[in-house]
């Protein structure tokens, strides 16, 4: 079997994984048709039918944050323990529970600059629709008779997507974004256009 054709998509996926594991040496092995990759911290030797990419540790000291919150008084939310409750819309167990936010965005310009481009790139043909929704999340109302009171959007680890159903063949996914409101934390819902 010949060496795999390493595409920008595989390199982008590898870079995303390496970014989340940056404090250790990593060896990424690319192989197969269709092209896939795996990673390990153990040295890997390149063979005739794979490509090995080494990614060195950054050696940055790990940051330890013990306390972080956003909001004021009764609306204060502990970012080290973002409590996401299960709901009829998001019933999957992996979508609920306490999470540590790894990024928080509380201005439209920050959402424009960082979140929208990322979700355009990962949502494919629904990218523009999702980016519009993410850009409007701080201004939109939760319902027709309730004013919008969202004051921030939190990204909850990891950047992977969690299936919302255990039924094979159903590919609905939701990113790990939560909207922080005066009433608590809600999963970011992708509303279908009218």
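Just so you know, all these numbers are worked out from the coordinates, no wet-lab data involved. Since this is a predicted model, take the numbers as computed values, not measurements. When we count neighbours, we look across all protein chains shown, and the Cβ atoms used for this are built from the backbone with ideal geometry, even at glycine.
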Percent RCO, i.e. relative contact order, over region 8-55, from Cα pairs under 8 Å lying at least 6 residues apart
37
Just rank 67, 100, fewest to most, by other beta-carbon atoms within 10 angstrom.
67, 100
Before anything else, pin down the relative contact order of region 1-112: Cα pairs under 8 Å, at least 6 apart, normalised by residue count, whole percent.
19
Protection proxy ranking, peptides 8-18, 109-119, 42-52, 178-188, average beta carbon neighbours within 10 Å, highest first
178-188, 109-119, 8-18, 42-52
